[in-house]
Each structure stands twice: as C-alpha cells, then as structure tokens.
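Here is the structure we will look at.
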Amino acid sequence: MTMTEAVKRFVKDGDNIGVGGFVNSRQPVAIAHEIIRQGRKDLILSFQSAGLVPDYLLGAMALKPDHLSVQRMEFAYNGHEYAGTSSMLRYMTENEKIFIEDWTNFSMSARFKTASMGLPFMPIRSGQGGDIEKCNRSQVIECPFSKRDILLIPACHPDVGILHVQEADIYGNCRIKGQTFTCPEIAMASKNVIVTCEKLVDHQIIAMDPTRTSIPFFAVDAVVEIPFGCYPTVCHDVHYYDKIHLEHFKGLTDAFRKGDRESLAAYYDTYIFDVADTDEFIGKIPYKQLKYARQTESRSLELQTRLTPPAA
C-alpha cells in the first residue's frame with residue numbers, strides 16, 4: 001500500500017511506536033516523515049538505540065505541539081554516534097516535556113525478544129549491580145532455583161513497529177542485509193508493522209532461499225517500496241549515511257535548544273511539511289551527496305580511499 005495509507009490505517013493517537021534500525025543505521029525515516037505530516041498525539045516511542053527518527057518526532061512536537069506530541073520514551077540511547085547525543089532529547093527532558101524510562105541496549109533488546117515469544121517478562125542478569133533498575137519498571141526477585149537475585153524485565157509490545165529493510169516481497173517477507181539489530185524482534189512483538197523496502201522482489205526469489213528471510217510475512221501488515229527510505233542514515237549494501245545532512249540537522253537542533261526556533265522550523269517546512277513524500281524529500285538532497293553515499297557503501301575499503309567527499 002502507499003505510505004499515506006499505511007500510516008493513516010495503522011498509526012493512531014496514543015500508540016506505542018517500536019522504532020527499528022540502530023542509531024545511524026536503517027532508521028525508518030520515510031515513515032517518521034509521514035507520521036509527522038499526518039500528525040499524531042500522545043505517542044510512546046520504544047527502541048533500543050536510535051537517532052534521527054525520535055529526533056524528527058521530538059522536533060515536530062517542539063515546533064507544533066498541537067499537531068504532534070510524544071508523551072513517553074522507553075529506550076537505551078538517543079543520539080547520532082560521532083555527532084553526539086540528541087539535542088532534542090536534552091531539550092525535552094530539561095524542560096520536563098516528556099517522561100523517559102531508561103534501559104540498557106541489551107535490556108531493551110530482551111524486552112522486544114520477550115514480547116516476540118509471547119512471554120510477559122524475562123529474567124536477565126544484565127542491569128544488576130548498578131542503579132539502572134531505579135530508572136525503569138524492572139524488578140529484582142530471588143530466583144526460586146538458585147536463591148540468588150535475578151532481574152525481571154517486562155515485555156515491550158508496540159502497537160505498531162516501523163522498519164526499513166533492503167528487500168521485501170508483496171506479502172511482507174523481508175530480507176535484511178548486514179546487522180539485523182532488533183528489527184525481527186520488534187516485528188514479532190508489535191501488533192501491527194509497517195515496512196519500507198529499498199526494493200520489492202518476486203515472492204519466488206524469497207521462496208528459493210528462505211533462510212535469508214529475516215522477518216516473516218505474518219508479522220507484517222504494510223509494505224511500501226521506497227528507495228532511500230532510511231536516508232540520510234546507512235542502508236547496508238545500498239548507501240552510506242549522509243554526513244553533511246546529518247550534521248546540518250544536528251546543528252539546527254543544537255541551535256533550537258539555545259533559542260533559535262526559526263532555523264529548525266525552516267528545515268521542517270523545506271524537507272517534511274512542504275513535500276508530499278520521500279521522492280520530493282530526496283529530490284532536495286544534492287546529487288553529489290547521494291552519489292557519494294552510494295559509492296562509499298558499494299566500494300571496497302581500498303577503493304573508498306579514491307573517493308573525494310563532497311563539500312558541505
């Protein structure tokens with residue numbers, strides 16, 4: 001189905017959104033942009049570690065709180081790796097605009113895994129010996145078998161999971177190249193799932209090599225073919241991240257936190273509100289940046305040294 005139809009049908013006010021990908025890798029940017037265009041209230045964001053998607057949603061809330069709002073985040077890390085932690089997260093928490101629940105990367109992955117198995121909770125050792133359990137709903141109990149303390153974490157069941165993959169068929173069977181992160185677990189844990197893919201492939205291709213299927217069709221409700229659907233983040237074997245665009249957006253969120261509202265608002269108007277879809281968004285990215293991102297990801301390490309990064 002179309003992106004507009006998928007978001008309209010499956011993303012509702014108050015929903016818990018499970019965000020796939022990891023920090024600067026395979027962030028479901030196209031879906032996030034459409035959620036922002038349509039506007040949703042009182043969302044909950046659940047993810048292991050993410051960068052642009054929660055930043056985009058928090059930025060939209062900061063600029064237009066009557067159009068879109070996030071009430072809660074359950075996560076381990078929100079930031080942009082080399083470019084630093086999220087300025088929008090800092091702004092929201094410093095001004096007490098959202099509630100956050102702090103987890104480790106492993107514990108969030110385990111929460112999705114728990115839900116994917118249909119279990120209400122999972123016992124883990126990670127998180128013991130520190131103060132992390134004071135920042136979330138985990139509970140320490142005495143193991144009935146070993147009589148030692150064990151940490152229990154609750155399952156995380158998103159109302160809708162949003163994911164980007166390299167390949168999918170029309171039924172929702174998905175292939176992920178490279179690291180899968182927590183995408184398969186989020187898909188199996190979520191009530192509904194929207195997937196964007198770089199390429200729609202024949203079902204016969206999927207069926208001929210079923211061991212390469214990362215996410216099965218019965219976990220997916222909507223498939224949308226959107227090349228560059230996670231741009232400007234990395235899509236392994238397709239394109240690298242766009243450092244210029246990422247740093248530009250991060251700079252605008254830094255400036256917003258320091259009082260410059262107009263620059264970030266102009267970005268949202270240019271790249272999200274005043275465009276109809278991802279095609280128009282990508283159309284605003286300079287070709288030299290798209291070309292460099294594609295060449296960097298497709299070349300060997302030795303051949304990458306022959307590339308000249310585009311100037312900002």
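Per-structure values
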read-out	value
Identity of the residue in the range 216-228, over 17 Å from V29 (Cβ atoms) and either of a type outside the set (V, I, T) or in contact with a Pro (Cβ under 7 Å, 6 or more places away or on another chain) (or both), that ends up most open to solvent (accessible area, probe 1.4 Å)	F218
Positions within the range 89-110 being among the aromatic types (F, W, Y) and open to solvent by 30 Å² or more (accessible area, probe 1.4 Å), in sequence order	Y91, F99, F106
Qualifying residue in the range 84-95 (condition: assigned to a strand (DSSP E or B) and under 30 Å from R261 (Cα atoms))	yes
Members of the range 76-99 that are touching a residue at least 12 places away in the same chain (Cβ under 8 Å), out of contact with any strand residue (DSSP E or B) (no Cβ under 8 Å at 6 or more places or on another chain) and aromatic (F, W, Y)	Y91
Selection within the range 192-215 - surrounded by 16 or more Cβ atoms within 10 Å (Cβ to Cβ) and not hydrophobic (A, V, I, L, M, F, W, C)	N192, T196, E198, T213, S214
The lone exception for A83 - which of (1) more than 13 Å from V160 (Cα to Cα); (2) under 9 Å from the mean Cα position of the chain (by Cα); (3) of a type outside the set (D, E) it fails	(2)
Conditions (1) in a loop (DSSP other than H, G, I, E, B); (2) closer than 28 Å to A76 by Cβ; (3) in contact with a strand residue (DSSP E or B) (Cβ under 7 Å, 6 or more places away or on another chain); (4) not small (G, A, S): number failed by I170	(2)
Pick from the range 104-121, criterion farther than 9 Å from M188 by Cα and hydroxyl-bearing (S, T, Y), ranking: nearest to the chain's Cα centre (by Cα)	S109
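The values are calculated or read from the model by the stated rules, or taken from the named source; none is laboratory data. For clarity, every value in this text was computed on a predicted model and none was experimentally measured. Cβ atoms come from the backbone with ideal geometry, glycine included; neighbour counts cover every protein chain shown. Surface accessibility is based on the protein's heavy atoms, side chains included, excluding ligands, DNA and RNA. Shrake-Rupley method; radii C 1.70, N 1.55, O 1.52, S 1.80 Å.
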